[in-house]
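*Asks:* Questions regarding the structure given below will be posed in turn.
Just so it is clear, none of the values below were taken in a lab; they were calculated from the coordinates. Quick caveat, the model's predicted, so the values are computed rather than measured. Positions of Cβ are generated from backbone atoms using ideal geometry, with glycine treated the same way; all protein chains shown enter the neighbour counts.
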Amino acid sequence: MTLLDLMRNRRSIRKYKKQTFSTKEILQVLEAGKLAPSGANQQPWTYILVTDKRLKQKIRKEAETVEESFHREAPKPLKNWFKEQGITPQKNFLTEAPALIVVAGYTKVPYWLESTWISIAYILLQAASQGFGTLTYTPSDTSFLNQLLKIPKDYQPVAIIPIGYPAEKPSPETRPRKPLETFVHRDKYGSMHVSETTGTTLTA
């Protein structure tokens with residue numbers, strides 16, 4: 001499978017098998033994350049691997065409390081979208097996945113947030129290449145992770161990534177992508193599009 005095929009086929013996974021994996025396998029995933037480029041080569045990310053069942057339960061409880069508040073106060077269009085997608089404040093995947101990767105960034109260096117998200121992308125792709133399912137979960141407030149995981153205040157958690165073997169197989173068709181020609185322009189916005197199917201250029 002090429003890298004592009006891997007990107008096309010990867011899907012967010014919310015249901016996981018109980019099957020576990022070795023520390024070596026998860027470290028391969030995190031090795032990919034550390035190889036990401038970063039602003040001024042600061043490498044501002046840090047990863048907390050959570051496998052303890054009681055700790056995962058605590059994380060889930062705090063996350064669901066945050067989500068309940070967020071869902072109550074969300075704008076109506078977003079509430080409607082949540083309903084259409086079947087998204088609720090319940091986050092079963094936080095306890096069902098064998099492991100969680102909490103990714104935080106060191107806020108005292110330049111480009112910390114952009115760099116940390118690039119690292120997350122590398123993690124997602126490497127996990128997919130190893131047959132793992134993942135989900136990029138971003139609680140609306142992540143400060144509870146600093147307390148639960150003893151993360152220094154200078155580090156801001158930005159995502160929780162449940163990881164494990166998928167217990168579902170979502171179809172790529174359920175999350176259609178916009179055609180390339182709808183958002184690729186040449187030299188300036190609106191001047192020219194690139195055809196995704198033929199590779200030729202089309203005048204707008």
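*Asks:* Which is the longest stretch in the chain that no exposed loop site breaks, taking sites as chymotrypsin sites (Phe, Trp or Tyr not before Pro) with a DSSP loop state and at most 12 other Cβ atoms within 10 Å?
*Replies:* Answer from the scan: 1-182.
*Asks:* If Lys and Arg each add +1 and Asp and Glu each add -1, what is the summed charge of the other residues whose beta carbon sits under 10 Å from the beta carbon of Ala127?
*Replies:* Local charge sum for Ala127: 0.
*Asks:* Grab every C-alpha pair in the range 74-194, bin the distances at 5 angstrom width from 0 up to the longest one, and report whole percents.
*Replies:* Reading upward from the zero bin: 2, 9, 13, 16, 17, 18, 13, 8, 4, 1, 0.
*Asks:* What trypsin sites (Lys or Arg not before Pro) in the range 82-160 are in a loop by DSSP, with at most 16 other Cβ atoms within 10 Å of the Cβ?
*Replies:* Those that pass, being in a loop and sparsely packed, are Lys108, Lys150, Lys153.
*Asks:* Also: Can you report the principal axis dimensions of the chain using only the alpha carbons, biggest first, rounded to whole angstrom?
*Replies:* Its Cα atoms span 58, 41, 34 Å along the three principal axes.
*Asks:* Something else: Find how much the distance from Leu113 to Gln19 grows on full extension, using 0.36 nm per residue of separation minus their present alpha carbon separation; answer in nm with one decimal.
*Replies:* So the extension gain works out to 30.6 nm.
*Asks:* Can you work out the Karplus-derived ³J(HN,Hα) for every residue in the range 67-74? Use 6.51 cos²θ - 1.76 cosθ + 1.60 with θ = phi - 60°, whole Hz, and x for glycine or proline.
*Replies:* Whole-Hz 3J(HN,Hα) from phi for the range 67-74: 5, 4, 5, 5, 5, 5, 9, 5.
*Asks:* Within the chain, which is the longest segment that contains none of the GluC sites (Glu not before Pro) sitting in a DSSP loop with at most 15 other Cβ atoms within 10 Å?
*Replies:* Longest site-free region, per DSSP loop and neighbour criteria: 1-167.
*Asks:* Which of the pairs Lys58/Lys178; Lys56/Lys178; Lys58/Lys153; Lys17/Lys76 have their Cα atoms more than 28 Å apart in this structure?
*Replies:* Listed pairs above 28 Å: Lys58/Lys178; Lys56/Lys178; Lys17/Lys76.
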